[in-house]
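Only the coordinates and a few stated rules stand behind these numbers; no lab work does. Predicted model only: the values in this text are computed from it and were never measured. All Cβ positions, even for glycine, are placed from backbone atoms using ideal geometry, and neighbour counts span all protein chains on display.
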Amino acid sequence: MKIGIASDHGGFELKQQLKQRFSKLDYTIVDFGNNTYDSEDDYPDFVIPLAKSVANGDVERGIAVCGSGVGASIAANKVTGARAALITDHFAAHQGVEDDNMNIICLGGRITGVETAFELVQAFLNARFSYGERHVRRLEKADPLGRISPD
Ligand code: RB5
């Protein structure tokens, strides 16, 4: 499986650790940066290119890391076709794929330790969307081609 990974400075160390670990397994890793630690960098500069790559199918899944995982999640979900969520527990890591077709896992580099993050990403990558009728219906309601404007 070809997967993409991206982080700002808040997630840089965790990104490097995950990249090293998953490179040793049966994955091709595309690193969308940042490639060096830069305390002034901004997560959208790396997360948006990752989300576009996931959405257009260049990579199958994405891992986005910032300090909390919140900014990465907000940014990734701006891209149509990206379904990103901040994940901190094992159940959501796989059920988010099975029921909600999550294709980008967001992690907090200042929140989640490397061992837990490794297991969460494994659960995410091993999970598959169920294509259950009710799950497809819910996604169609929540994932229109366009954005909802505030009143
Ligand atoms: C960067 O300092 C930090 O704000 C960012 O990594 C992230 O936590 C935002 O959600």
- Of 108, 132, 96, the one that fluctuates the most in a GNM where the chain has Cα springs shorter than 10 Å: 132
- Placing +1 on each Lys and Arg Cβ and -1 on each Asp and Glu Cβ in segment 41-83, then taking the dipole about the Cα centre, the residue among 79, 47, 66 whose Cα reaches farthest towards the positive end is 79
- Task: Hey, for a label at residue 142 modelled as a point 7 Å past Cα toward Cβ, could you say which residues of segment 81-124 have their backbone N under 16 Å away?
- Result: 81-89, 91-106
- Message: Quick check: net charge around residue 100, other residues with Cβ under 14 Å of its Cβ, Lys/Arg +1 and Asp/Glu -1?
- Response: +3
- Note on the structure: A correct Karplus calculation of ³J(HN,Hα) over segment 27-33, with 6.51 cos²θ - 1.76 cosθ + 1.60, θ = phi - 60°, whole Hz and x for Gly and Pro, returns 10, 9, 9, 9, 9, 8, x
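If we count every other residue with Cβ under 13 angstrom of residue 140's Cβ, Lys/Arg +1 and Asp/Glu -1, where does the sum land?
Taking every other residue near residue 140 into account, the sum is +2.
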- Task: Between residue 149 and residue 25, with labels modelled 7 Å along Cα→Cβ, what's the label distance in nm to one decimal, could you check?
- Result: 4.4 nm
- Note on the structure: Stokes-Einstein D for the chain (4 °C, 1.567 mPa s, Kirkwood Rh from Cα pairs), in µm²/s, comes to 85 µm²/s
- Task: Starting from the amide H of residue 2, placed 1.01 Å from N in the peptide plane, find each other amide H under 5 Å away whose residue is 5 or more places distant or on another chain.
- Result: 28, 60
- Under-5 Å amide H pairs with residue 66, H placed in peptide plane, nonlocal only: 72, 107, 109
- Would you calculate the separation in nanometres between label points at residue 98 and residue 78, each defined as 7 Å from the Cα along the Cα-to-beta-carbon direction? 3.3 nm
- Output ³J(HN,Hα) for segment 13-19: one whole-Hz value per residue in order, computed from phi by the Karplus curve 6.51 cos²θ - 1.76 cosθ + 1.60 with θ = phi - 60°, and x for Gly and Pro. 5, 5, 4, 4, 5, 5, 4
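Of all DSSP beta bridges in the chain, what percent run antiparallel (nearest 5)?
If I count the DSSP bridges inside the chain, around 0 percent turn out antiparallel.
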- Item | For the chain, built as a Gaussian network whose Cα springs stay under 10 Å, the top-fluctuating residue of 118, 32, 91 | 91
- Among the lysines, which have Cα under 24 Å from the Cα of residue 19 when same-chain residues fewer than 8 positions away are ignored? 2, 52
- Message: Can you compute the helix-only [θ] at 222 nm over the chain? Use -39500 (n - 2.57) per DSSP H run of at least 4 residues, normalise by all residues, nearest 500 deg cm²/dmol.
- Response: -12500 deg cm²/dmol
- Query: What residues have an amide H closer than 5 Å to that of residue 102, excluding those fewer than 5 places away on the same chain, when H is modeled at 1.01 Å from N in the peptide plane?
  - Reply: 97
- From fewest to most C-beta neighbours within 10 Å, the residues 40, 119 line up as 40, 119
